[in-house]
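Heads up: the structure comes next, in structure tokens.
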Amino acid sequence: MISVVVTFLIIVVMAVFVIQPLFLEPGLEIKDTEKKSVALKQRKKILYRQIKELDMDYQLGNIQDDDYGQTRNELKKEVAEILTILNR
């Protein structure tokens, strides 16, 4: 009788140990999402700075019209993609 109870308790403890990660997973996803959000916000700031620097270089005559337009559009496109992801 005692061996049956001990066996049952061992099975219950093992089951709880195995099932526990299923209940902890959403918390980990939230942390990952928060890290991604912070990284995206930092990248957005960097891109805005790059656009400002590009504008200043263009105004000073350091960049040609074609390069300026192409580079600025690429940077704006990346910022738009980040904003779309952040607004979800």
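The values are calculated or read from the model by the stated rules, or taken from the named source; none is laboratory data. All values reported here derive from a predicted model rather than from experimental measurement. In this analysis, Cβ positions are derived from the backbone assuming ideal geometry, glycine residues included, and neighbour counts consider all displayed protein chains.
Key figures
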{"read-out": "Long-range neighbours under 6 Å by Cβ, at least six apart or interchain, first residue loosely packed, with under 15 Cβ neighbours inside 10 Å within region 44-57, second not in a helix (DSSP H, G or I)", "value": "Asp57/Ile63"}
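For every residue, the table says whether it meets (1) assigned to a helix (DSSP H, G or I); (2) among the acidic types (Asp, Glu); (3) modelled with pLDDT of 80 or more.
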site	(1), (2), (3)
Ser3	yes, no, yes
Val16	yes, no, no
Leu22	yes, no, no
Pro26	yes, no, no
Asp32	yes, yes, no
Lys41	yes, no, yes
Asp55	yes, yes, yes
Tyr58	yes, no, yes
